[in-house]
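Below is one structure; the comments refer to it alone.
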Amino acid sequence: MLYALVNNDYQLHALRRHGIEALGGPDGVALILVPHALSLPLDARDFHSVHRFDTPLGRSRMPFTLWRYGGLARDVARSLAPRPTDTLLFFTETEWLNQIVVQHFHRGGARVVMLEDGGFATYIPMAVRESEPLSLRERCVQAAYRLLPALRRSRLFKVNGQAFPRLPDDSIDAIGLYQDVGLQRQVDVCRVLKPSRKICELRQGSVIFLNERMYDHYQDAEHYLAGLRRLMAPLVQGFEKVYFKYHPREPDEWKHRIGTLLAGEFPSIELIDRAGTVENMILDYRPEVLASYFSAGLLSIEYQGIEPLYLYHLLDDLKDQPVFMIATRILGSWGYRFVRSGDEIKTGYRSGITSDHPGTCTPLRQFLQSSEPATLAASHSSSY
């Protein structure tokens, strides 16, 4: 049986785009929910069974969090009995409870595969060979989680000053990517065929800007607001209609600050404040261009003709940070055309990103069933 581990709306939407019935075959798909940001309606009839485990991450202090993860590991072991004939599909390792589930399936002999989580969230952390040195606090956090038997082989991996939970490479059988990216993991990689893009009639001269919580790590509040002004001005100048979509987890305080700035300085911009994925809202707006700093949503556009526009490189305090330098190398390898100044941010923009011929990629169903490592390219030999 196929088990699918889902944390958010994008991942559930990705399953549906590929076709749940087609992926599961006659045995169906068992859904494992570890909710982080799930607002899409869940039709249980789509799935053979549904198993839900609620993460304690960020909801309590460390001792209680560890105690809860220990209890959840026991719940996972009682509820799920993976066999060598089963496959687990998951999207991200950066949740400790995901790692508990993955390692439980690995110990049960099941095939464990990871499908990219929308783009840079997968590409950037895995495109770095060595972790940055962990701080004393981070080493203590890592040691604390390793006290749990279900996580004793896990670790933290640090990129651009941010530490992410990372699975041992040998617990993942293969990683599926939609784009050609060289990953620094000792795991086989397969290029997976994207679902067919949909056709919709675009509204020329319109752009949606997807906000990101840059103020959480990459910028302080002052630089974030200054950068926002820097990016909004050419968007308003170059497009007839500009929409600004808050991040799905934008705090109310920041919604107020951003809304006040836009209303005072860019009153023509229309705010979008709604739950759900970009894919679900896009038909209501049908923009010519989808813009952001480096949002995963730009790579997951499923409608023909909508152009992705990255803008992080126009801000001096962002472009030379390691994470954005990696993004620049990756985008450059795909033929992406960076705008050189605000004057080039306008209707008619074309990104230049090239797409591979479908014949060079593997359908997801075939990738999930594959048991021949020789058919997959070794990730550590890839480059970009």
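Would you please name the trypsin sites (Lys or Arg not before Pro) within the stretch 187-294 that are DSSP coil residues with at most 12 other C-beta atoms within 10 Å of their C-beta?
Sparse-neighbourhood loop trypsin sites (Lys or Arg not before Pro): R249, R274.
Once you charge only the Cβ atoms, +1 for Lys and Arg and -1 for Asp and Glu, what is the size of the charge dipole of the stretch 82-185 about its Cα centre, to the nearest 20 debye?
500
Ordering H217, H256 by accessible area with a probe of 1.4 Å, largest first, what comes out? Before the final figure, lay out the partial values.
Details: H217 70, H256 130 Å².
These residues rank, largest area first, as H256, H217.
Using only the Cα atoms of the chain, build the gyration tensor, take square roots of its eigenvalues as a ≥ b ≥ c, and label the shape rounded, prolate or oblate: rounded if a/c is under 1.5, else prolate if a/b is larger than b/c, else oblate.
Verdict is prolate for the chain.
Counting only protein heavy atoms and using a 1.4 Å probe, what share of the accessible area of the stretch 124-184 belongs to carbon plus sulfur, as a whole percent?
About 51 percent, which is the carbon plus sulfur part of the accessible surface.
For the stretch 68-157, what number results from the quotient of the Cα radius of gyration and 2.2 N^0.38 Å?
1.18
How large is the accessible surface per residue of the stretch 74-124, computed with a 1.4 Å probe and reported in Å² as a whole number?
The answer is 30 Å² per residue.
Compare the Cα positions of N160, I258, V187 along the charge dipole of the stretch 159-295 (+1 at Cβ of Lys, Arg; -1 at Cβ of Asp, Glu; about the Cα centre) and return the one farthest towards the positive end.
Towards the positive end, the residue furthest out is I258.
For the chain, what is the mean residue ellipticity at 222 nm derived from helices alone (per DSSP H run of n ≥ 4: -39500 (n - 2.57); sum divided by total residues; nearest 500 deg cm²/dmol)?
Estimated from H runs of four or more residues: -9500 deg cm²/dmol.
Stokes-Einstein D for the stretch 1-122 at 20 °C, 1.002 mPa s, Kirkwood Rh over Cα pairs, in µm²/s?
Value of D from the Cα-based Kirkwood radius: 145 µm²/s.
Expressed as a rounded percentage, what relative contact order does the chain have, with Cα pairs under 8 Å and six or more residues apart?
Dividing the mean separation by the residue count of the chain yields 17 percent.
What dipole magnitude, in Debye to the nearest 20, does the stretch 1-156 give about its Cα centre under +1 on Lys/Arg Cβ and -1 on Asp/Glu Cβ?
720
Between helix 62-79 and the chain, what is the angle of the helix's C-alpha long axis to the longest principal axis, kept within 0 to 90° and rounded to the nearest 10?
That works out to roughly 60 degrees.
Straight-line reach from K255: which aspartates and glutamates have a Cα under 20 Å away, not including same-chain ones fewer than 8 places off?
Of all the aspartates and glutamates, those that pass the test against K255 - Cα under 20 Å, at least 8 places apart if same chain - are E212, D216, D220, E222, E265, E270, D273.
For K194, give me every one of the lysines with a C-alpha distance below 27 angstrom, ignoring sequence neighbours fewer than eight places off in its own chain.
K194 reaches K245.
Can you tell which of I353, V29, A233 lies farthest toward the positive end of the dipole of the chain, using +1 and -1 charges on the Cβ of basic and acidic side chains (Lys, Arg; Asp, Glu)?
V29
With charges only on Cβ, +1 for K and R and -1 for D and E, what is the dipole size of the chain about its Cα centre, in debye, rounded to 20?
Here the size comes out at about 800 debye.
Would you please name the trypsin sites (Lys or Arg not before Pro) within the stretch 92-164 that are DSSP coil residues with at most 14 other C-beta atoms within 10 Å of their C-beta? Can you show the working numbers first?
Numbers: sites: R107, R111, R129, R137, R139, R146, R152, R153, R155, K158; in loops: R129, R152, R153.
Answer by residue number: R129, R152, R153.
For the stretch 130-183, what is the accessible area per residue in Å² when the probe is 1.4 Å?
I get 45 Å² per residue for this part.
Can you check what the net charge comes to around A226, using other residues whose Cβ is under 13 Å from the Cβ of A226 (Lys, Arg +1; Asp, Glu -1)?
Local charge sum for A226: -2.
The values are calculated or read from the model by the stated rules, or taken from the named source; none is laboratory data. Being a predicted model, the structure only gives us computed values, none of them experimental. Neighbour counts run over all protein chains shown; Cβ positions are idealised from the backbone, glycine included. Just so you know, the surface numbers come from the protein's heavy atoms only, side chains and all, with ligands and any DNA or RNA stripped out. Shrake-Rupley method; radii C 1.70, N 1.55, O 1.52, S 1.80 Å.
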